[in-house]
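The values are calculated or read from the model by the stated rules, or taken from the named source; none is laboratory data. Keep in mind it's a predicted model, so treat the numbers as computed, not measured. Every residue, glycine among them, receives a Cβ derived from its backbone with ideal geometry; neighbour counts consider all protein chains shown. To get the accessible areas, we keep the full protein, side chains included, count just its heavy atoms, and leave off ligands, DNA and RNA. Shrake-Rupley method; radii C 1.70, N 1.55, O 1.52, S 1.80 Å.
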Amino acid sequence: MKILLATSEAVPFAKTGGLADVSGTLPQEIARLGHEIVVVLPAYRQTREAGIPIHDTGISFEVPVAGKLVAGRFLKSSLPDSDVPVYLVENSDYFGREELYGEDTDYADNCERFVFFCRAIFELLDHLDLRIDVLHANDWQTALALAYLKTDYAGLPLYEKAVSLLTVHNIAYQGQFWHWDMLLTGLDWKYFNWQQMEFFGKLNLLKTGLVFADAINTVSPRYAEEIQREPLGCGLEGVLQHRRDVLSGIINGVDYRVWNPALDPNLPAQFDAEHPQPGKSTCKQELQRELGLRTDPDVPLVGFVGRLVEQKGVDLIAGVMREWLPTQSVQWAILGTGDPRYHEILAELARRHPGRAAVRLEFSNSLAHRIEAGADIFAMPSQFEPCGLNQLYSLKYGTVPVVRATGGLADTITNFDDRTQANRTANGFAFREFSRLALAETLQRACDCYRQPDVWRQIMETGMRQDWSWGQSARKYVALYERTIQRCRESAWA
Ligand code: ADP
């Protein structure tokens with residue numbers, strides 16, 4: 001198969017979130033399975049400054065945006081340690097900025113920037129004379145390309161056999177703009193109706209993609225179910241119910257070249273499932289020392305790494321910390337940045353309880369690795385979680401996840417109980433209700449098990465032996481591409 005993966009970010013070229021990890025890793029695995037895949041993303045300022053070899057293809061183009069012609073150029077690179085080509089769409093007015101999508105607030109011309117990018121995708125295919133089988137778009141930034149495929153480019157020989165897939169990484173971000181931005185797209189106003197591009201009077205680019213895509217997937221099967229209902233559908237539950245026959249979920253993978261305690265250069269000691277000790281204990285001791293926590297091998301150490309936003313259940317964590325810190329012999333290692341309100345609450349808890357609570361309000365990849373390795377328990381009480389990566393890293397690092405059973409957390413963490421203990425499938429602890437009480441009760445269960453070394457070892461080892469690598473997920477993507485091609489072919493014949 002020939003596939004074009006269109007994305008607004010991909011490691012190591014540009015990253016704000018999990019989308020970049022998927023776009024940077026999945027194509028390499030798909031290529032490894034013998035398929036031809038090309039990646040296209042904008043050439044941002046951070047892309048140009050990333051120190052990656054990039055060369056000019058000499059191909060320039062012009063596309064219509066709001067009736068005027070806008071010029072761009074294609075640069076070329078490849079995904080690291082691979083032959084997967086990466087084309088970068090250059091236009092310095094649109095993409096030569098400090099950030100990807102906005103500074104403090106979204107850039108006012110985001111609709112225009114991504115209309116330009118979506119049009120450029122077709123220029124690229126045209127210049128490369130690439131007859132793709134699959135156009136794979138991701139999130140709202142590239143969703144409009146799927147509408148172009150079905151309208152402006154429908155029937156052209158180059159795109160005749162192309163089917164399309166839209167992957168939704170987080171439905172809370174939809175690319176909504178005022179209705180006049182319809183003019184930027186160049187598409188006929190007839191598409192501006194509640195069944196296609198309009199959403200309560202506004203232009204909604206994610207909805208547009210959901211309507212025009214041949215197939216839709218999200219980053220976990222449970223999230224694919226959840227977004228068909230309120231509140232997690234964020235208003236698009238009706239569209240998704242309507243399209244449920246072509247909607248599925250595929251869990252993201254982990255890059256075990258980067259997240260592997262046996263190879264991790266960020267750790268003071270290495271370890272693996274066969275020999276978790278003494279490496280794991282050394283990592284805990286060194287983490288306690290690094291963060292100014294009391295060095296005690298027996299006290300349970302709870303870790304959290306992530307964006308400090310409501311979605312991640314930071315209120316619940318802070319609530320349990322406030323309740324437990326004065327009396328309970330449990331330690332906390334928190335790393336994150338986000339809402340200033342949470343910065344204040346967490347910093348205050350750390351100030352009041354030195355030795356038991358450590359809070360680092362920064363972005364530190366290496367400390368994230370050391371918390372994954374040095375903690376005993378990893379807390380993820382998320383309100384919603386499309387996939388979640390940290391719980392998968394935790395499993396590999398022998399740090400037992402305590403999660404709220406939502407989205408990808410529900411699909412990857414098997415709660416410890418009598419049955420799952422007996423059949424040795426438990427790899428963590430899960431609770432349903434989004435409340436401080438439910439988190440406290442579940443953390444308490446985890447801490448009780450922690451004090452029974454045989455039980456704890458079994459839970460840890462079950463998680464450490466699991467395989468959440470990209471290889472498996474890539475095979476599922478390939479199967480989804482093939483299913484979609486087959487279904488579209490059959491309906492064309494019907
Ligand atoms: P989301 O995509 O919603 O932010 P995920 O769990 O899917 O959540 O992925 C978050 C990624 O970002 C993980 O790799 C996590 O380690 C990393 N991360 C988040 N905040 C920080 C931070 N402050 N320092 C280091 N890494 C962080």
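Just the residues that are part of a loop (DSSP other than H, G, I, E, B) and within 16 Å of the ligand (Cβ to nearest atom), please, taken from the stretch 124-170.
Correct list: 169, 170.
Residues in the stretch 366-392 that are more than 8 Å from the ligand (Cβ to nearest atom) and open to solvent by 10 Å² or more (accessible area, probe 1.4 Å): 366, 370, 376, 383, 384.
Scanning the stretch 207-224 for residues being out of contact with any strand residue (DSSP E or B) (no Cβ under 8 Å at 6 or more places or on another chain) and surrounded by 24 or more Cβ atoms within 10 Å (Cβ to Cβ) gives a total of 1.
If you go through the stretch 301-316 and keep only what is within 27 Å of residue 285 (Cα to Cα) and away from the ligand (no atom under 14 Å from the Cβ), you end up with 301, 302, 316.
Select, from 356, 360, the only residue that is in contact (Cβ under 8 Å) with a residue 40 or more places away in the chain, over 19 Å from the mean Cα position of the chain (by Cα), open to solvent by 20 Å² or more (accessible area, probe 1.4 Å) and under 24 Å from residue 452 (Cα atoms).
Selected residue: 356, the only one of 356, 360 that is in contact (Cβ under 8 Å) with a residue 40 or more places away in the chain, over 19 Å from the mean Cα position of the chain (by Cα), open to solvent by 20 Å² or more (accessible area, probe 1.4 Å) and under 24 Å from residue 452 (Cα atoms).
Looking at this structure, is residue 46 open to solvent by 10 Å² or more (accessible area, probe 1.4 Å), at pLDDT 95 or above, assigned by TED's automatic domain parsing to the domain that holds residue 478 and within 20 Å of the chain's Cα centre (by Cα)? Judged against the criteria, residue 46 is not a match.
So which residues in the stretch 367-380 are more than 19 Å from the chain's Cα centre (by Cα) and either farther than 15 Å from residue 393 by Cβ or in a helix (DSSP H, G or I) (or both), if there are any at all?
In the first step, residues of the stretch 367-380 are kept if they are more than 19 Å from the chain's Cα centre (by Cα); the result is 367, 370-371, 373-377.
Residues satisfying the conditions are 367, 370, 371, 373, 374.
Residue 322 fulfils the conditions (1) of a type in the set (D, E, K, R); (2) within 16 Å of the ligand (Cβ to nearest atom); (3) out of contact with any Lys or Arg (no Cβ under 8 Å at 6 or more places or on another chain) except for a single criterion, (2). Restricting the first member to the stretch 377-388 and to residues that are farther than 28 Å from residue 457 by Cβ, and the second to residues that are among the β-branched types (Val, Ile, Thr) and near the ligand (Cβ under 10 Å from one of its atoms), the beta-carbon pairs closer than 8 Å and six or more apart or on different chains are 386/219.
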